[in-house]
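Let me begin by presenting the structure, written as structure tokens, before commenting on it.
The values are calculated or read from the model by the stated rules, or taken from the named source; none is laboratory data. This is a predicted model, so every value here is computed, not measured. Reconstructed Cβ throughout: ideal geometry from the backbone, glycine too, with neighbour counts over all protein chains shown. When the accessible area is computed, the model is the full protein with side chains, heavy atoms only, and any ligands, DNA or RNA have been set aside. Shrake-Rupley method; radii C 1.70, N 1.55, O 1.52, S 1.80 Å.
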Amino acid sequence: MSTKPAILVARAVFPEVLQRLAQHFDVESNQDDVLYTAEELAQRLQGKVGVFTTGSERIGAALLAQCPDLRICANMAVGYNNFDLPAMTAAGIVATNTPDVLTETTADFGFALLMATARRMAESEHFLRAGLWTRWSYDMFAGAEVHGSTLGIIGMGRIGQGIARRGALGFGMKVIYSNRKPLDAATEAACQARFVSKTELLQTADHVVLVLPYSAEAHHTIGAAELAMMKPTATLVNIARGGIVDDAALAAALRNRTIAAAGIDVFEGEPSVHPDLLTVPNVVLTPHIASATIPTRLAMADLAADNLIGFLIHGKALTPLNAPAH
Ligand code: DGY
């Protein structure tokens, strides 16, 4: 019988990360990538002291009450809205996430989605693939200017700052942002960004990018009223989390041309996508891939593994989200 502590890796992951974990733990893995129901997850966590999760595993009080041996949940994501953090802290469970390692890659993708949206890349590609391109014309798929325009970022954490730098330094954009509080002067200067109210941002930005973490207060940060404040020529990009945008209101705003276009990587109720978003042409839709490069996903998986090894073997998690008392 193994004397190593037992852990569960709840989703498929890089084999080399599993091999590293197996040096320290008795690992139950899920390389067939079956999505566990809450009951299956609870059952598989029996006798486990740690679990490697992704955004698809929900960890809350009801589950924790069934898992008396569990001590740590290591999320392979910077976002952790799948964790009920107060319930985990109350149950004495350490929660960890994977900050920093995905910042630049996710900022790259946010900027790519902004450009694809502004320059109508998906819409024009669909047109071409459908065999509809018969001649050049002066206004065919004419989009919005990116360089020199005004970039509005809602949520100015590490990823928001990365997008701001790309916009200001790479594309000569005027950058405005709204956030719970202003950044310190040095960070603002490095991003060449100015703090404004959410209303001013929505009314003046040519391109609005959402990068704020999900919370109950952030639910529907962008709904019909906010979309109505935006310029009819403006674009909206959501790489934050589903639920930050009211997807039904967005689909209506795209259909009515309240705004010009949107680029959406995260959805309410994903992997389901609001059916109306699938039928409007002026939206670029991607399946939650903002951090998806192999080096970055490997770095995220390695950091989640290091959190399990750090806490369970050496007594200290690397990137904890909480500090339970027991
Ligand atoms: C994150 O890290 O939060 C990404 O959205 C992947 O889930």
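Taking label positions 7 Å along the Cα-Cβ direction at both residue 85 and residue 285, the computed distance is 3.2 nm, reported to one decimal. Summing +1 for each Lys or Arg and -1 for each Asp or Glu among the other residues whose beta-carbon sits under 15 angstrom from that of residue 192 gives +2. Among 273, 245, 284, which one shows the highest mean-square fluctuation when the chain is modelled as a Gaussian network with alpha-carbon springs under 10 Å? The residue with the greatest mean-square fluctuation here is 273.
Which of the GluC sites (Glu not before Pro) found in segment 78-180 are in a DSSP loop and have at most 15 neighbouring Cβ atoms, other than their own, within 10 Å?
Numbers: sites: 104, 123, 125, 145; in loops: 145.
In loop regions of segment 78-180 (DSSP not H, G, I, E or B), the sparsely surrounded GluC sites (Glu not before Pro) are 145.
For the peptides 39-50, 296-307, the ranking by mean Cβ contacts within 10 Å, running from highest to lowest, is 296-307, 39-50. Taking the 1.4 Å solvent-accessible surface of the chain as the whole, the part contributed by carbon and sulfur is 57%.
Loop sites here are chymotrypsin sites (Phe, Trp or Tyr not before Pro) outside DSSP states H, G, I, E and B with no more than 14 other Cβ atoms within 10 Å. The longest part of the chain free of them is 142-326. Name all residues of segment 299-314 having a backbone nitrogen under 19 Å from the label point set 7 Å from the Cα of residue 12 along its Cα→Cβ direction, giving them as ranges. Under cut-off, by backbone N: 299-302.
In the context of the full set of protein chains, the chain has a per residue accessible area of 47 Å² (1.4 Å probe).
Taking all protein chains together and rolling a 1.4 Å probe, residue 121 ends up with roughly 110 Å² accessible.
Here the chain is treated with +1 on each Lys and Arg Cβ and -1 on each Asp and Glu Cβ, and its dipole about the Cα centre works out to around 580 debye.
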